[in-house]
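Heads up: the structure comes next, in structure tokens.
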Amino acid sequence: MGYTLTEKILMKNTGKDSIKPGDLIIAKVDRVMVHDIFAPFVIEKFREMGFEKVWNPDKIVFVYDHLIPTSFIEDSRHHKIGDVFAAEQGIQAVHRVDGVCHQLMPELRYVTPGQVAFGTDSHTTTYGAVGAFSTGIGYTEMAAIFGTGQLWLKVPPTIKFIINGELPEGVYAKDIILRILGDIGADGATYKAMEFGGSTIDSLSIAGRMTLCNMAVEAGAKAGVIAPDDKTFAFSGVDASEYQDLKSDPDAFYEKVIEYDASQFKAVVACPSNVDNIKDVEELIGTTIDQGFIGSCTNGRLEDLEIAARILKGRKVAPYKKLIVTPASKSIYAEAARNGIIGILVEAGAIVNPPGCGLCCGRSGGIVSDGERVIATNNRNFLGRMGGPKSEIFLASPATVAAAVVEGKIVDPKKYLVKA
């Protein structure tokens, strides 16, 4: 019996000759990330455990993204505590204004194929897009890693999703993962690895693959993984010859295999207030919205801003409606500015925020009030996630969001994308 991609990564990490779901292993950590909300708690636990020096300052990354720009008086305290600790421990990788942690970790090549990484945020699963095993943990576990460089975990079983064919016009990676969530449910992959493969996945950009792996956790997954290919190797800046075995064996055992024909996918929306409450866009046409949001670690990348600009060019955000745009990183923002995307969005009436989490986590940058309805590209639509507990959150692709703010209501984005 062969091994899955997840099992191969964990075998390589631990030096084991064999491994199976349910085994308890001690992982040697390649990289960890702590964002600003959890920095003080990790540091406090680190000291409570009696540690004085971190195991390897070069493998620790601090990212200030949830509390940037600060919107409450106490926010700066988190940054100051992180800064003091980083200086004391010799941690050089501290990102204060560079973007969302889950964009930066792969973008800046902190996480590369075959690595094992952990972060103090559930959407750490994102890094599986470059062929890594990555998952979110709590601040107590992170404090233990700070002191030891190790963490025990249970080898998860794998569900394989095979998607072949060409996606229809107006359908994107976000629609794929939302459709999957609707099919298997918000608990359909609890403590399992979700592995994505097939010709459709091969054709996706790294950005699209990050969207899939990012939202794997919304099904309860321990990890989302995609085998690395030439796109991955170029993105991560690694030698492809060293990673040829980083893929599942033909005779690997999967708990379940689910196959899709890409041509059958449609633009979909996650309706309030659960990520698996999925409906086709055509069922929601005419549903009025008050605000749109394009951003987050799910869909704040360059191609997401590009598709929004394609729809909004020469058009305006509907009267009395708002569009908030938050690029996922400083480099994305800069590139979008250089190639005119930011100008198109601003001319259309969008409010462009500095890179960071912002509205996604209910902080600064467009909080919605009770009774308001927002359509957004982020990953969660729980009650109160983006503001008032009586507001409504619909999740969709950047194309669907852009089309909705043009008309002030949910529409099929395909009408704005049909090629002449």
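Quick notes on this one:
- Residue match in the stretch 293-304 (condition: among the aromatic types (F, W, Y), part of a helix (DSSP H, G or I) and either in the same structural domain as R385 (by TED's automatic domain parsing) or touching a residue at least 12 places away in the same chain (Cβ under 8 Å) (or both)): no
- Every residue from the stretch 108-138 that is within 19 Å of S329 (Cβ to Cβ), in contact with a His (Cβ under 9 Å, 6 or more places away or on another chain), in contact (Cβ under 8 Å) with a residue 24 or more places away in the chain and of a type outside the set (S, T, Y): G119, D121, H123
- Pairing residues of the stretch 319-332 that are under 12 Å from G356 (Cα atoms) and in contact (Cβ under 8 Å) with a residue 60 or more places away in the chain with residues that are buried (at least 19 other Cβ atoms within 10 Å of the Cβ) and aromatic (F, W, Y), at Cβ distances under 7 Å and at least 6 apart in sequence or on separate chains, gives P327/Y333.
- Filter result for D65 (of a type outside the set (G, A, S), outside any loop (DSSP other than H, G, I, E, B) and assigned by TED's automatic domain parsing to the domain that holds M142): no
- Members of the stretch 155-182 found to be of a type outside the set (D, E, K, R), assigned to a helix (DSSP H, G or I) and buried (at least 24 other Cβ atoms within 10 Å of the Cβ), listed by number: A173, I176, I177, L178, I180, L181
- Some residue of the stretch 21-34 being closer than 20 Å to T120 by Cβ, free of Cβ contacts under 8 Å to residues at least 24 places away in the same chain and not assigned by TED's automatic domain parsing to the domain that holds K330: no
- Scanning the stretch 262-294 for residues that are among the polar types (S, T, N, Q) and surrounded by 14 or more Cβ atoms within 10 Å (Cβ to Cβ) yields S273, N274, N277, T287, Q291.
- The set of residues from the stretch 351-367 being buried (at least 24 other Cβ atoms within 10 Å of the Cβ) and out of contact with any helix residue (DSSP H, G or I) (no Cβ under 6 Å at 6 or more places or on another chain) comprises G356, C357, G358, L359.
- Test result for I9, at pLDDT 95 or above, within 29 Å of E107 (Cα to Cα) and not in a helix (DSSP H, G or I): no
- Members of the stretch 198-218 found to be over 20 Å from E306 (Cβ atoms) and assigned to a loop (DSSP other than H, G, I, E, B), listed by number: G198
- Taking the listed residues A348, A336, A308, the one that is under 29 Å from A186 (Cβ atoms) and out of contact with any Gly (no Cβ under 8 Å at 6 or more places or on another chain) is A308, with no other qualifying.
- Enumeration of residues in the stretch 309-329 that are part of a loop (DSSP other than H, G, I, E, B) and in contact with a Phe, Trp or Tyr (Cβ under 6 Å, 6 or more places away or on another chain): P327
- Scanning the stretch 78-121 for residues that are farther than 17 Å from Y139 by Cβ, crowded, with 19+ Cβ neighbours inside 10 Å and charged (D, E, K, R) yields D98, E107.
- Selected residue (criterion: farthest from the chain's Cα centre (by Cα)) from residues of the stretch 361-409 that are hydrophobic (A, V, I, L, M, F, W, C) and more than 23 Å from A216 (Cβ to Cβ): V406
- Filter result for E259 (in contact with a strand residue (DSSP E or B) (Cβ under 9 Å, 6 or more places away or on another chain) and either in the same structural domain as I184 (by TED's automatic domain parsing) or surrounded by 15 or more Cβ atoms within 10 Å (Cβ to Cβ) (or both)): yes
- Some residue of the stretch 295-313 being closer than 30 Å to L108 by Cβ, surrounded by fewer than 16 Cβ atoms within 10 Å (Cβ to Cβ) and of a type in the set (G, A, S): no
- When the test is whether a residue is under 21 Å from the mean Cα position of the chain (by Cα) and acidic (D, E), D245 does not pass it.
- Of all the residues in the stretch 242-280, those that are more than 18 Å from N13 (Cα to Cα), in contact with a helix residue (DSSP H, G or I) (Cβ under 9 Å, 6 or more places away or on another chain) and small (G, A, S) number 4.
- Residue count, the stretch 346-368 (criterion: at pLDDT 95 or above, among the hydrophobic types (A, V, I, L, M, F, W, C) and within 11 Å of I324 (Cα to Cα)): 4
- Odd one out for F46, checked against (1) hydrophobic (A, V, I, L, M, F, W, C); (2) crowded, with 20+ Cβ neighbours inside 10 Å; (3) in contact with a strand residue (DSSP E or B) (Cβ under 9 Å, 6 or more places away or on another chain): (3)
- Against the criterion of being at pLDDT below 95 and among the aliphatic types (A, V, I, L, M), I285 does not qualify.
- Condition check for Y172 on (1) hydroxyl-bearing (S, T, Y); (2) under 30 Å from D245 (Cβ atoms); (3) in contact with a Gly (Cβ under 9 Å, 6 or more places away or on another chain): one failure, at (2).
The values are calculated or read from the model by the stated rules, or taken from the named source; none is laboratory data. Keep in mind it's a predicted model, so treat the numbers as computed, not measured. Positions of Cβ are backbone-derived with ideal geometry, glycine not excepted, and every protein chain shown enters the neighbour counts.
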